[in-house]
1. With n ≥ 4 as the cut-off for DSSP H runs, can you work out [θ] at 222 nm for the chain, using -39500 (n - 2.57) per run divided by the number of residues, rounded to the nearest 500?
2. Under a straight-distance cross-link criterion of Cα-Cα below 16 Å, which lysines are reachable from K18, leaving out those fewer than 8 residues away in the same chain?
3. Does the chain come out rounded, prolate or oblate by the C-alpha gyration tensor, with a ≥ b ≥ c the root eigenvalues, rounded set by a/c under 1.5 and, if not, prolate when a/b is larger than b/c and oblate if not?
4. Pick from G30, G58, G21: which is most flexible by mean-square fluctuation in a GNM of the chain where alpha carbon atoms under 10 Å apart are linked?
5. So how much slack lies between D12 and L25, counting 0.36 nm per residue of separation and subtracting their Cα-Cα distance, in nm?
Amino acid sequence: MAMTPEAKIVRDIRRLLKSRGVPHLKMHGGPMMEPGIPDLLMCFNGHLVRLEVKSATGQVSRIQQAFGER
């Protein structure tokens, strides 16, 4: 199965984070997950960072936008 452009970006970001020793989690959506949760969660310099990954043509949904504004 071919990877989507966003999946490739997530993969590359995760490789970079791992190489730098940055703790992170890949969030996998599903029926038991709250809608809008970002793709990656990481701890960077003592701060929780939420990252929603989009390709050049991807767009953030209203639910994702609302989650990010919390």
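1. Values: 2 runs with 22 residues, N = 70.
The per-residue figure over the chain is -9500 deg cm²/dmol.
2. Qualifying lysines at Cα under 16 Å: K8, K26.
3. Details: a/c = 1.68, a/b = 1.13, b/c = 1.49.
Oblate shape, in that a/c is at least 1.5 and b/c is the bigger or equal ratio.
4. G30
5. Working: separation 13, 0.36 × 13 = 4.68 nm, distance 1.37 nm.
Between D12 and L25, full extension yields 3.3 nm more.
Rule-based calculations on the coordinates, nothing more; no lab input. Quick caveat, the model's predicted, so the values are computed rather than measured.
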